[in-house]
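Notes for the one structure printed next.
The values are calculated or read from the model by the stated rules, or taken from the named source; none is laboratory data. None of these values were measured; they are calculated from a predicted model. Positions of Cβ are generated from backbone atoms using ideal geometry, with glycine treated the same way; all protein chains shown enter the neighbour counts.
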Amino acid sequence: MLAVVAATLLIALPAQIWGTTANAAANGQTGSRRAAKYGTSGPPRTVEFRRLPQGAGRPAGQLPFHPRSSTGFKAAKHAAQSGATGRRSGVIDVKPASPPAPAGAATASASSGKGLQLGAAFPMVDRDTQVGWYGNSQNLAPPDTQLAAGPDNLVEMVNSSASIVSKSGALQGHANLYNFFQVPSGETFTDPRVQYDDGTGFWFASGLSFAVTSTTAQSAVELAVSSTADPMGTWAVYAVSVSS
């Protein structure tokens with residue numbers, strides 16, 4: 001859903017979003033952060049992926065759980081723990097709506113060139129690799145795994161890290177999404193999304209950042225769009241405030 005929001009909002013943003021590397025800082029980032037008003041963004045910040053610092057990540061934060069009815073939630077938890085809920089008999093085996101495809105159909109389709117074809121097979125980034133890059137901040141399960149394919153590269157975003165791999169499996173680069181989106185100190189980043197739009201030739205990425213204290217709560221939808229089809233190059237990054 002965030003990727004759809006990102007694409008919709010970024011298409012409507014002014015032409016200045018397409019930043020250049022002319023004034024890029026040494027760490028690959030320029031520009032200010034975010035606007036304070038709900039539903040608005042600060043000016044675009046230019047980020048060059050290949051020049052982002054490879055610093056350690058941050059411990060994952062936790063949003064407080066707010067059920068619609070605390071009384072009903074407690075009652076449901078009690079019922080579950082006491083075995084007073086859930087179906088224990090009369091389970092129905094649901095049959096498929098149509099018979100399964102015959103064995104070998106997928107192989108035949110690929111070999112004939114009329115269906116999907118397997119170009120290359122290689123592993124993407126795993127948790128141990130992420131921990132090696134950015135420490136225990138990446139030691140999370142289950143992962144928020146997102147993968148998109150462009151003309152020459154694959155972009156994978158998992159939890160708060162991103163990696164770019166060629167279509168032959170060679171690692172092109174990786175980055176901490178805290179640095180990519182310039183998430184302020186004290187905030188947590190989560191739920192990344194990434195897509196490549198063949199029509200425009202741009203990459204779109206998004207996520208959510210938030211900070212919760214005993215007295216305040218603030219959050220922002222993080223949005224980014226590449227300036228070319230090369231994800232290792234420059235991106236324009238926005239933070240849209242969703243705090244009232």
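Tabulated results
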| quantity | calculated |
| --- | --- |
| For residue 231: the one exception among (1) under 20 Å from residue 130 (Cα atoms); (2) modelled with pLDDT under 95; (3) assigned to a loop (DSSP other than H, G, I, E, B); (4) not polar (S, T, N, Q) | (2) |
| Some residue of region 202-212 being outside any strand (DSSP E or B) and either surrounded by fewer than 24 Cβ atoms within 10 Å (Cβ to Cβ) or within 16 Å of the chain's Cα centre (by Cα) (or both) | no |
| Near pairs, Cβ below 6 angstrom, 6+ apart or cross-chain, from region 138-150 (under 16 Å from residue 189 (Cβ atoms)) to any residue that is basic (Lys, Arg) and modelled with pLDDT of 80 or more | 146/193 |
| Test result for residue 187, of a type outside the set (A, V, I, L, M, F, W, C) and farther than 18 Å from residue 41 by Cβ | no |
| Lone qualifier among 204, 181 - being closer than 21 Å to residue 240 by Cβ and in contact with a helix residue (DSSP H, G or I) (Cβ under 9 Å, 6 or more places away or on another chain) | 204 |
